[in-house]
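The values are calculated or read from the model by the stated rules, or taken from the named source; none is laboratory data. Please read these numbers as outputs of a predicted model, since none were measured by experiment. Here Cβ is always computed from backbone atoms with ideal geometry, including for glycine, and neighbour counts include all displayed protein chains. Accessible surface areas use protein heavy atoms only, side chains included; no ligands, DNA or RNA. Shrake-Rupley method; radii C 1.70, N 1.55, O 1.52, S 1.80 Å.
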Amino acid sequence: MIKHRLFWPVVALVALLLGNRIVTPGFFSVEVKSGHLYGSLIDILLFGAPLILIALGMVTVIATGGIDLSVGATVAISGALACYIISDQANQGSVGGVLFAVALALVLSLALGLWNGMLVAWLGIQPIIATLILMVAGRGVAQLITSGKIITVNSPPYKLIGGGYWLGLPFAIIVVVVVAAITAVLVRRTALGLLIEAVGGNAEASRLVGIRSRSLIIMAYMFCALCSGIAGLMISSNIAAADGNNAGLWMELDAILAVVIGGTSLIGGRFSLAGTIIGALIIQTISTTIYTAGVPSYRVLVFKAVVVALVCLIQSPAFRAKVFRRRHKRPPPQPKAEVPASDSGDLEVSA
Amino acid sequence: MTPPILEMRGISKAFPGVRALDDVSFRLLPGEVHALMGENGAGKSTLIKVLTGVYTADAGDVLLAGNPVVIGGPHQAQEAGISTVYQEVNLCPNLSVAENIFIGRGKVRWKQARARAAELLTRFDLDIDPALPLGAYSIAIQQLVAIVRAVDISAKVLVLDEPTSSLDRDEVARLFAVMRRLREDGVAILFVSHFLEQVFDISDRVTVLRNGRLVGEYETGALTRATLIGHMTGRVLEALEELHAPGEHAPDSAQPVLRAEGIGRKGGIAPFDLTIHSGEVVGFAGLLGSGRTEAARLLFGADGSDSGQLSIDGKPVTLKSPGAAIEHGVAFCPENRKTEGLVEDLTVGENIMLALQAARGWVRQVTDSDDLVRRWITALRITPSDPDAIAGNLSGGNQQKVLLARWLITQPKLLILDEPTRGIDVGAKAEIQKLVVSLADEGKAVLFISAELEEVLRISHKVEVLRDRQMIAELANEGLTPERILATIAGGGTGTVAAEGAAQ
Amino acid sequence: MTALTFMGKRGMTAFTFVSRRGYLPVLVTLGLLVAVFVVGSILYYPDFGTGQVVVNLFIDNGFLLVTAVGMTFVILSGGIDLSVGAVVALGAMLCAWLTGMGWPAWLAIVTAIAAGALLGFIQGYVIHEFEIQPFIATLAGMFLARGLCFVISIEQIPIKDPFFDWVQTPIAVPGDMFIKPTVILVLVIVAIAYWMLHYTRFGRNVYAVGGSAQSALLMGLPLGRTRILTYVVSGVCSAIAGVLFGVYTLSGSGLHAVGMELDAIAAVVIGGTLLTGGYGYVLGTLLGVMLLGTIKTLLNFQGTLSSWWTRIAIGVLLFVFIVLQRALGTRRRSAGV
């Protein structure tokens, strides 16, 4: 039970929620007001929705052994494009117009993902560096679309995506559930997850079993960008405006953090969708908690710093080894176990 | 005789489950090139790592110029006068040649360093610009620069660990010229190489290790290739084993599954011809570093060949990637299970399904994967039999079986097995051998690579003999003995004629 | 420009310059800089092509230059530092807060720099000792530094200490131009960094570690100390840049210098330093910052082309240089084997 890799993330989330319950008695209550669900838990889900989406995309990229720093920029671009198109329409309330805008924004997001994926898979540029380009230029593109202004829209259909309700539930939560379900099906009901984990876990072995890793990697980046694009729509819809400068700011860091807290290693390979969602919820709960405690939201950053540091240190084998060694007197250090093969001049380098 | 500059006495070193060195002694005289020879698992690397302070010996002494020394690490070894140059050059390619020679050696007057470097390089007939970055030069030159650095730190003992593996003929000649000069200067050189010719060419004496024990120390001039191989493999000393009958199943003379004509790769393996029929097991025999793996990788498209033509089932093919080879029904278990075979994070079942799934693409998930995996786990007796066990936690033998299962479910026509029995226990080894034989009986073609000649002979119908990155002979396995193969390796020339004569 | 040729003749001996041969990207940057300048001068003379514009580049981008110089050390050694923007903000914030509490200016500045050094040390220590990826460790550092700014104050704090006014009083120089004390400080820092990288053992070790950490260790170089020190250098540089930022804006705020780490990384890369470490120059970084600054200035002069084009231009340059480095890297490797 303790060995299960979701154990600690779940414990952390439950502890956080219980802590909130103790401080705020009404924390767990969910009420129905005018046909809509309200409550702190619903709020966490609602405000956490964009982060969950981006984290889902991020975890697939990380599983391939990569990373995507440009998700925040993609959030800004997608929201900017959708709002720009809608604001340009004579009737902002037209459902068709909104669908058109949404479709175009998502297609652009996919194109951005394709760009990242090509840089990584075809040009062989390190993922951090490759996605840095879009991270830098992306906000400029977003502002280019909005002409540097904050575009406000007044479109009830668009408002639905991030701020509306459907069947009594916030529409954003429904979107997240649907995307998560589709992702889970794609990843676990096809061989996609297995092949991605193989590529991220051992690239050379994957090549030698005939996996065509390039297309997989490109797909992962495109999926990540698509998720970020949807998140961008949600965020801009929620505030009924597109802010090229601030939308999705530091989102990439939160997403990476959610992935790490969820128990997926940054090295790639094995990944957990459920863990990532829990990780995102933990981050959102921390933010909400600190907010309800009356601490200015910016100071959440200090908390995040501590959480990042702790999680990474605990995951670090070097840290565990060193702390472990100091605590207990260990038997004399043992050499690596590959000794029988250590006389391996036979690793004839086939240069 | 001059007293040895370096003496290692009664060195023992054990690792969990294996005695890597057992009471090994070794001595090195000033002004000699001393080759350290041995097959896989002989203990060469361990001995060198003890000498350079990477490992601490469990027992034994190291004496330098007669004084006992304790070597705590590579840096200390260097300070004591023992420098090592490795196959993969341990210098910084971005620094200049001069900087690489002098960095990390206390206070340096860099203005003069360049002139000093030029002087040193000239002494070794190296006509290179010390101001240029090291990376601008070939690996061979980089290695020579590493030697210049090592010697200039006033090395009394120079350890060259497989320096020639990636060098071409001219570069080797250049390296040897430098080594001869150093020998004249009185430097003691410990030389490790898998190329027999080079050992006879350059070394004055040879120390042979086998299975962690000292076999002996010999004057190179008094050795023949045959006696040296005999010492390394223990063939001459041990009683002949009962010969196992080769498979009775003679291959049908029809279309070969695979035919290679003049396939080769520069720096990997010289062009060679090869045919494999269905139902046939072809063995690759050769000493360490003879090019067995390089040849196999060309047949699988793991490396690209730069000459020759490959045909599968009579049709010419170009294998640009492993994926292409797999489509043609070729499968390959690499010798390096951990780095090239297994995805250690994944489960046994996932590892088994990987090749089949990769061939099907990601959309069509193999539906009966659970059944397939169970069947093969049972068939190959993989323990633990839990398909959800993490592959990295299995023993070597079971990991190997997982890789075999991975390929067997793809129903390949040709299965290439590179050292499938290395480092696994005797029981598992026998099982894998039996499996190979039964696969051939079912009509699969198998290419079997192993350092153990008995094993190759036990299951192969014919044996390709390799030496120094060349395929030198093809021997039918009729009354073939390990000695005969070794004699072929030891024999001069490269002609298949001589080898065929030996096979008669 | 005069500063550059001066350094080129005196500082860079043929030995150190030729020895690394990685100067093609630097030359490309120099060429671009000259081209942008010429274009600007033709289009907007007499406002653009004057010496004062060059001086203004240093005034307006001094803090970025100092930050990028620190980043150069880290990237050369094979690491990356994402915390620099946040440390700049923290530096400015500490100056504003401490002088506001009545501390003398020098003490506030020294405290700010010490804080940057400490944060750099902690990051370097964690990266080296516990083998945490630099990118993650400095990410945590970034959160921490920004968070600390907001712990000090949510609001922007004005700086009223007269010292901060004094260091940016214009000083007339021959040629009908003026400079500010901060410009001199920035140039001194570049010079010190240049000296450290090319004339000290530490500098050489930085290159060695970036070239191959394992080789550096085997050659007896102090790997850990070198690595940690590069992060300390970066922390100190960022803190000084923070002080300069405080001087420039006369305020401290947790929202200062958001995203400056990206500009700094971009400037370093555009200046010809390889992101994987081992190849590059401080003077390249200087050129990189100048190029970014010139483009910004040019877009300002243009007027209708708005500021976000700067970001896009930086992105395009980044792309071009990364692909250029990639191509050169491939060639270098194939030449090696």
Problem set entry | Qualifying positions in region C:239-275 - under 15 Å from C:ILE109 (Cβ atoms), open to solvent by less than 10 Å² (accessible area, probe 1.4 Å) and within 12 Å of the chain's Cα centre (by Cα) | C:ALA239, C:ALA241, C:GLY242
Exercise. Is there a residue in region B:361-372 that is at pLDDT 90 or above, open to solvent by less than 50 Å² (accessible area, probe 1.4 Å) and at negative phi?
Worked result: no
Problem set entry | Of all residues making up region A:268-299, the number that are modelled with pLDDT under 80 and either surrounded by 23 or more Cβ atoms within 10 Å (Cβ to Cβ) or polar (S, T, N, Q) (or both) | 2
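Can you work out which of the residues in region B:357-399 that are among the small types (Gly, Ala, Ser) and under 28 Å from A:MET219 (Cα atoms) is nearest to the other protein chains (Cβ to nearest Cβ)? Lay out the reasoning, then the answer.
Start the filter on region B:357-399 by keeping residues that are among the small types (Gly, Ala, Ser), which leaves B:358-359, B:361, B:369, B:379, B:385, B:389, B:391-392, B:395-397.
Subsequent filtering for residues that are under 28 Å from A:MET219 (Cα atoms) retains B:358-359, B:361, B:369, B:391-392.
Details: B:ALA358: 4, B:ALA359: 6, B:GLY361: 8, B:SER369: 9, B:ALA391: 10, B:GLY392: 10 Å.
Only one residue fits best here, namely B:ALA358.
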Exercise. When you scan region B:447-504 for helices (runs of 4 or more DSSP H) that lie fully inside it, which ones turn up with 2 or more residues that are modelled with pLDDT under 80?
Worked result: B:496-503
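In region C:138-148, which residue that is more than 7 Å from chain A (Cβ to nearest Cβ) and not β-branched (Val, Ile, Thr) is surrounded by the most Cβ atoms within 10 Å (Cβ to Cβ)?
C:ALA145
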Problem set entry | Filter result for the condition that a residue is more than 11 Å from chain A (Cβ to nearest Cβ) and either among the hydrophobic types (A, V, I, L, M, F, W, C) or assigned to a helix (DSSP H, G or I) (or both), over C:PHE135, C:PHE121 | C:PHE121
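For (1) farther than 28 Å from A:ALA80 by Cα; (2) open to solvent by 20 Å² or more (accessible area, probe 1.4 Å); (3) in contact (Cβ under 8 Å) with a residue 12 or more places away in the chain, each residue gets a yes or a no:
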residue: A:GLY162; (1), (2), (3): no, no, yes
residue: A:GLY168; (1), (2), (3): yes, no, yes
residue: A:ILE182; (1), (2), (3): no, yes, no
residue: A:VAL187; (1), (2), (3): yes, no, yes
Problem set entry | Those strands (runs of 3 or more DSSP E) lying entirely in region B:245-344 with at least 1 residues surrounded by 21 or more Cβ atoms within 10 Å (Cβ to Cβ) and in contact with a strand residue (DSSP E or B) (Cβ under 9 Å, 6 or more places away or on another chain) | B:258-265, B:269-276, B:281-286, B:307-312, B:330-333
For this session: Find all pairs meeting these conditions: Cβ atoms under 7 angstrom apart; at least six residues apart or on different chains; first residue within region B:45-70 and over 14 Å from B:PHE26 (Cβ atoms); second residue open to solvent by 30 Å² or more (accessible area, probe 1.4 Å) and of a type in the set (Asp, Glu).
Result: B:PRO68/B:ASP61
Problem set entry | Those residues of region A:207-221 which are over 13 Å from the mean Cα position of the chain (by Cα) and assigned to a helix (DSSP H, G or I), in sequence order | A:ARG207, A:LEU208, A:SER213, A:ARG214, A:SER215, A:LEU216, A:ILE217, A:ILE218, A:MET219
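With the condition being touching a His at 6+ places or on another chain (Cβ under 9 Å), I'd like the strands (runs of 3 or more DSSP E) fully within region B:145-234 carrying at least 3 qualifying residues. Break it down into steps so the answer makes sense when it comes.
Working: elements: B:157-161, B:188-192, B:205-210, B:213-219.
Those strands (runs of 3 or more DSSP E) span B:188-192, B:205-210, B:213-219.
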Seminar exercise, completed: Reported set for region C:138-180 where residues are within 30 Å of C:ASP47 (Cα to Cα), part of a helix (DSSP H, G or I) and in contact (Cβ under 8 Å) with a residue 60 or more places away in the chain is C:PHE164, C:ASP165
For this session: Give the residue, chosen from B:LEU167, B:LEU175, B:LEU158, that is closer than 19 Å to B:PRO3 by Cα and in contact (Cβ under 8 Å) with a residue 12 or more places away in the chain.
Result: B:LEU158
For this session: Mind counting the residues in region A:40-65 that are touching a Phe, Trp or Tyr at 6+ places or on another chain (Cβ under 8 Å) and open to solvent by 10 Å² or more (accessible area, probe 1.4 Å)?
Result: 2
Problem set entry | region B:81-105, residues that are within 13 Å of B:ASP152 (Cβ to Cβ) and open to solvent by 40 Å² or more (accessible area, probe 1.4 Å) | B:ARG105
For this session: For region A:42-54, state whether one or more residues are more than 24 Å from the chain's Cα centre (by Cα) and modelled with pLDDT under 90.
Result: no
Exercise. Quick check: anything in region C:194-213 assigned to a helix (DSSP H, G or I) and away from chain B (no Cβ under 14 Å)?
Worked result: yes
Seminar exercise, completed: Note on A:ILE217: of the conditions (1) within 14 Å of chain B (Cβ to nearest Cβ); (2) without any contact (Cβ under 8 Å) to a residue 40 or more places away in the chain, unmet is (2)
Exercise. Under the condition of being of a type in the set (Lys, Arg) and part of a helix (DSSP H, G or I), which residue from region A:270-322 is farthest from B:ILE390 (Cα to Cα)?
Worked result: A:ARG299
